[in-house]
Structures are given as C-alpha cells and as structure tokens.
C-alpha cells in the first residue's frame, strides 16, 4: 500500500469514527438534554474509547457544538432542495418554510431537541460561539427571504443594509422573548403567526 493509500484509509476511518460518535451523541443529547447527557454513554454507543471522543472533540461542549453545526448544515442542505422562491409575498414564503420545518422535525425529534436547546439554553462554555453562529444563520435567513425585496417600497432614508439590520434586530427580539429553556417545536409553531405579524409591523414602519 502506498503512503497516499495509507493516508486515504486513515482519513476514511476517521470520518467513519466521527460519524459514529455524532450518531451516538445525537441520541444521548436528544434523549437527555445537554446537562444530563453522558460521554460515557456516548463512547459505549459509538463503540469507541472515551479518549477517542476527546481526540476528535475538545470536550463535551465541543461535541455538542459540532453536532449542532452538523444538524444545521443538514437542515439547510435539505431546505435548499425545496423551492420556496417565486412570485408570492415574502411572508407567504416564510410561512411555507415554517410549515416545512415543522414537517422536517416531526420525524426528527432528537434533532429538534438538540437545536432548540442550542438556541434556548446553550452550554456556558460555548455560549458566545453559539451566539455568533446563530447571528450568522439569522443573516443568512434574512438574505434568503428578503434578497428579492423591492427597495422602492421603503422610505428613501433606509438603505438595504439598514432594512436587513432592523429585520435582524426584530428576529433577535423575537428569539430573546419567546425562546427559553424548555421551549418545544409545538411552542415555536404557536408563536409563528405572532412573530410574522411583528415582522410585518417592523417592515411597515419603514415603508412609504
């Protein structure tokens, strides 16, 4: 076996190990939540040593953050396969995406719990890192929903960057007000219409 072949084999083994750890972590965090989850249970379920977990992930919080990031990427990738563009009002598309997320997570209860806990009650060790990631995700979501928005509808004193920034602040306010430890997907659906109405109010304040 050549040196390159050996390297490829090692990388393949590493990827497979990481996948097994993530799969075990998803069940453990999804069933018990972050604070009660055990890395002992994760390493046994993944059929790896505990040291192997910490070889790939700095600590329990690092594993949780990696899992969170992986779940977000998977959701966005799946969402990109769906078509939410078109001539409909931007808020119609937001409702369509909300309904899609509900259906998506209905069959993924562990994923739903991990993501909601990451938003509502992140581990203290990675709270700032999580906040930055979520802010970037919010800006990405705004760009996806509002990139086609007609700036002619807004008062001339508002630039496109300002419109996006104020929408981001409105979304952050919704999250801070509604998303608390213990929030469920059912809770999120209950506040969907109220949240959209609030966003419409913010946007109408900037319109001509």
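Just so it is clear, none of the values below were taken in a lab; they were calculated from the coordinates. These figures come from a predicted structure and were not determined experimentally. Cβ placement follows ideal geometry from the backbone for every residue including glycine, while neighbour counts extend to all protein chains displayed.
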In segment 107-126, whose amide N lies under 16 Å from the spot 7 Å out along Cα-to-Cβ of residue 58? List them in ranges.
123-126
Global form of segment 126-178, assessed from the alpha-carbon gyration tensor, a/c cut-off 1.5
prolate
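Any chance you could run the full-extension gain for residue 151 through residue 187? It's 0.36 nm times the residue separation minus the Cα-Cα distance, nm to one decimal.
Numbers: separation 36, 0.36 × 36 = 12.96 nm, distance 3.34 nm.
This chain segment gains 9.6 nm when fully extended.
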Once both label points are put 7 Å beyond Cα along the C-beta direction, the residue 96-residue 78 separation in nm becomes 1.9
Tail weight of P(r) past 19 Å, computed on alpha-carbon pairs of segment 67-206, percent:
55
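Within 10 Å, count the other beta carbons around each residue, average over each peptide in 99-106, 56-63, and list them highest first. Display every interim value, and only then the final one.
Numbers: 99-106: 14.4, 56-63: 17.8.
Averaged packing, sorted descending, gives the order 56-63, 99-106.
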Gained length - residue 158 relative to residue 194, 0.36 nm times residue gap less alpha-carbon distance
10.5 nm
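Once the Cβ-Cβ distance between residue 50 and residue 176 is put in as r, and R0 is 25 Å, what FRET efficiency do you end up with, to the nearest 0.05?
On the way: r = 37 Å, r/R0 = 1.46.
With R0 = 25 Å, the Cβ-Cβ based efficiency is 0.10.
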